[in-house]
Amino acid sequence: MRDKVIVALDVEPTRAREIVSQTKDLVSIYKIGPVLWFRWGAESLKFFADQGLRVMLDFKFHDIPNTVTESLKALSSLEGSRSIWGATLHASGGFSMLRSAVLEKDSWPQERRFHLFGVTVLTSLKEKDLYRAGVNRSVEAQVKKLAALAQDSGLDGVVASGDEVAVIRKACGQELLVLVPGVRLVAEPRRDLDQKRVVTPAQAVAAGADYLIVGRDIYQSQDPRERVEALFGAMETVKIEK
């Protein structure tokens, strides 16, 4: 259970350290995105590495292949990079970008490698948002297409809403890792939240998610540890055979 939960730290460094201090014996993977990275920088990697914890860098790379591969190479050379468990790329960046990233990673020594995950459709988007961006297919169809592209490119997994996990499993099988963001103990959209496709921990596990990414339920809580324990309790109500 400890290894199925990724705690998103979209907070400032002091708060991030507090949350880690309270939860590091319960979870081992933390997500760092631009919000924390721009305040803490590469020093954050050493902080996690020194404690034997792992980090998912959620930068959602989307650029020409050379820029993406050079960025990944730079990350892998940072002090504390041994803490990097995974990094995200937008699957919509295309086959060449994704495949180049995989080939770059595979050229490293084994101890420097980390997982690469393709972001399919952001949880803030719904079908009308896709249409406005020129994508003339449903969210489900777009996720399916991008997940298949990520798999064909050799990525380790994808990031997708819990609503689309079953579709991904049917199209891509069980080998492709599926990370589900937008997980909340009560899956009811609130006005102050921009995530529109949300699920509960039980729903994510039942759908076949490999990892659950949980942020606001934990970092906005007065008691992050209690929130993590409640999350585990909700997950344990579901029995899954993979």
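Key figures
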quantity	calculated
Charge context of Thr67, other residues only, Cβ under 14 angstrom, K/R +1, D/E -1	-1
Cβ-based net charge around His115, under 15 Å, with every Lys or Arg adding one and every Asp or Glu removing one	0
Estimated distance in nm for a label pair at Lys128 and Lys170, the labels positioned 7 Å out from Cα along Cα-to-Cβ	2.6
Pairs beyond 18 Å (Cα-Cα), from Lys145/Lys170; Lys73/Lys144; Lys144/Lys170; Lys46/Lys105; Lys126/Lys170	Lys73/Lys144; Lys46/Lys105; Lys126/Lys170
Rel. contact order, % - alpha carbon contacts under 8 angstrom, at least six apart, the chain	18
Among Val119, Val165, Val35: highest mean-square fluctuation, GNM of the chain, C-alpha pairs under 10 Å	Val35
Rough spin-label spacing in nm, given labels placed 7 Å along Cα→Cβ, for Ser77 and Val35	3.1
Packing-based exposure ordering (other Cβ within 10 Å, fewest first) of Arg169, Arg54, Arg113	Arg113, Arg169, Arg54
Cα-only radius of gyration and Dmax that characterise the range 1-116, units Å	14.1, 41
Point-to-point label distance, Leu177-Thr67, nm (Cα→Cβ direction, 7 Å offset)	2.6
Burial ordering of Lys170, Lys126, Lys144, Lys4, fewest other beta-carbon atoms within 10 Å first	Lys170, Lys126, Lys4, Lys144
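Readers should treat all values here as calculations from the given coordinates under stated rules, not as data from a laboratory. Every value quoted in this text rests on a predicted model; they were computed, and no experiment measured them. All Cβ positions, even for glycine, are placed from backbone atoms using ideal geometry, and neighbour counts span all protein chains on display.
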